[in-house]
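Here's the structure, in structure tokens; my notes come after.
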Amino acid sequence: MSTLAKKTVCLATGEVPPLKGKALAKLGRQLKGRWQVVKGHHLEKEYAFKNFLEALAFTTASANWPRLRAITRTSTSPGARSS
């Protein structure tokens, strides 16, 4: 697993400066799946869909992803009970 894939996301509090220069370039090279670092500032990826319904399904799944991930993380915690 790449170094980038092992990192976690935290809210920007201003305590940690953004990546720049060589550090950003190094992690940018680890991006897979057509992700790009744009203007040294943000990540971007373009998706193509066959039709509106496919795009809508992707959007809905993307919106639910953080909630589903939190549920999975909670349910797999040590000592968690199954219903």
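Out of all the residues in segment 26-56, which are part of a loop (DSSP other than H, G, I, E, B), small (Gly, Ala, Ser) and more than 18 Å from LYS7 (Cβ to Cβ)?
Residue satisfying the conditions is ALA48 alone.
So which residues in segment 37-70 are surrounded by 12 or more Cβ atoms within 10 Å (Cβ to Cβ) and in contact with an Asp or Glu (Cβ under 9 Å, 6 or more places away or on another chain), if there are any at all?
VAL37, the sole residue that qualifies.
I'd like the residue in segment 40-83 that is farther than 27 Å from LEU24 by Cα and touching a helix residue (DSSP H, G or I) at 6+ places or on another chain (Cβ under 7 Å) and, out of all such residues, is modelled with the highest pLDDT.
PHE49
The values are calculated or read from the model by the stated rules, or taken from the named source; none is laboratory data. In this text the structure is predicted, and so the values were computed from the model without any measurement. No Cβ is skipped: glycine too gets one built from the backbone with ideal geometry, and neighbour counts run over all protein chains shown.
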